[in-house]
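A short write-up of the structure that comes next.
The values are calculated or read from the model by the stated rules, or taken from the named source; none is laboratory data. Small disclaimer: the values here were computed from a predicted structure and weren't measured. Glycine also receives a Cβ, built like all others from the backbone with ideal geometry; neighbour counts cover every protein chain displayed.
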Amino acid sequence: MNFCPKCGSPLRQQSVAGDPKERLVCQGCGFIFYQDPKVSTCTIPLVDGKVVMVRRAIDPGRGLWVFPGGYMDADETAEEAAVRETREEVNLRVRVTDLVGVYSYRTGIVVIVYACEVLGGDLRIDRESLEVQAFAESEIPWDELAFPSTRDGLRDFFRTRSAEG
């Protein structure tokens, strides 16, 4: 970010009173631009006892596998975003049942992963996906996962399921 979103003047990294970290400060109006992380919400839907995943058609992670998910909008809850993203990406209507985990890796993205119940729909890809497939735990393409949060979310999901059953 080079210019202030409020007045258009240049932003410059500088110290702010009471803050040990330098921030982007507008040289015109004094607005402080905080570079906050984005929130991504995901679900791990099961169809016939198998995890639904998509092969990404876009970067980052083009050609790699991930469970349905995407960025949360400002006017929705994390759960609502996860449900919406699942409908958009794989055409499944779901209901969030449990929190699998919250993951962050210094990438500027916080990933929230939910277990869910599939209420309906038929698997279908959207413009961001090359294919959709359901995998048993033993079939997961562990070496072809798009993100660390995909690996960690699946690991925690399966660990929780085995502890329950």
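Before moving on, here are some points about what is shown:
- Residue match in the range 38-58 (condition: at positive phi and in the same structural domain as Glu137 (by TED's automatic domain parsing)): yes
- Of the residues screened, Glu89 is one that is in the same structural domain as Phe157 (by TED's automatic domain parsing), under 19 Å from Thr150 (Cβ atoms) and surrounded by 15 or more Cβ atoms within 10 Å (Cβ to Cβ).
- If you go through the range 3-21 and pick out every residue that is over 29 Å from the mean Cα position of the chain (by Cα) and in a loop (DSSP other than H, G, I, E, B), you end up with 5.
- Evaluation of Met1 against (1) assigned by TED's automatic domain parsing to the domain that holds Ser129; (2) loosely packed, with under 15 Cβ neighbours inside 10 Å (one fails), failing number: (1)
- Residues that are loosely packed, with under 13 Cβ neighbours inside 10 Å and in a loop (DSSP other than H, G, I, E, B) within the range 22-47 comprise Cys29, Gly30, Tyr34, Gln35, Asp36, Pro37, listed in sequence order.
- Residue that is touching an Asp or Glu at 6+ places or on another chain (Cβ under 6 Å) and either under 20 Å from Glu88 (Cα atoms) or among the polar types (S, T, N, Q) (or both), where the choices are Ala134, Ala146, Ala115: Ala115
- Scanning the range 48-58 for residues that are part of a strand (DSSP E or B) and either aliphatic (A, V, I, L, M) or in contact with a Leu (Cβ under 7 Å, 6 or more places away or on another chain) (or both) yields a total of 6.
- When Gln35 is tested against (1) modelled with pLDDT of 95 or more; (2) out of contact with any Asp or Glu (no Cβ under 9 Å at 6 or more places or on another chain), only condition (1) is not met.
- Test: residue in the range 139-146 that is under 21 Å from Ile58 (Cα atoms) and of a type in the set (Phe, Trp, Tyr): yes
- A single entry from Gly70, Gly61 fulfils the requirement of being of a type outside the set (Lys, Arg), surrounded by 15 or more Cβ atoms within 10 Å (Cβ to Cβ) and part of a strand (DSSP E or B): Gly70.
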